[in-house]
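Working notes, beginning with the structure itself.
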Amino acid sequence: MKLAVTFTLVALIFFCSPASAEVCPSFVEVIQNLFKGTLASYQASVEPFSPNEDMKKAGAQLKTLVDTLSPEAKDSVLKLQEKIIKSPLCA
């Protein structure tokens, strides 16, 4: 569980840097599928980025871990993501 939340927050750091004016819509789709979608929908959302086999395996493991979170915890992480994206710190 901590790994999934840590991954999400670290990923958001890269998208909230002063160099990026907006969050990549594909990234948001990947995160949505990670927390709300099926394994197949998550894998399909990362496929355009041409992950290698190690990345695919790690992603599947991460999705398995995320799926152990309660629906409330998943919602809270997505709300935090939205709050971070809309924060003046990410402007």
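None of the figures in this text is laboratory data; all of them are computed from the coordinates on show. Predicted, not measured: the structure shown is a model, and the values here were computed from it. All Cβ positions, glycine included, derive from the backbone under ideal geometry; neighbour counts span all protein chains shown.
What the Cβ-Cβ distance of A91 and L69 gives, at R0 = 22 Å and to the nearest 0.05, is a FRET efficiency of 0.15. Taking only alpha carbon atoms, the range 24-91 gives an Rg to Rh ratio of 1.00, where Rh is the Kirkwood radius. Checked against a 21 Å cut-off, the cross-linked pairs K56/K79; K36/K57; K36/K79; K36/K63 give Cα-Cα distances beyond that limit for K56/K79. Under 14 Å from the Cβ of S87, count the other residues' Cβ atoms, weight Lys and Arg +1, Asp and Glu -1, and hand me the total. Charge balance in the 14 Å sphere: +1.
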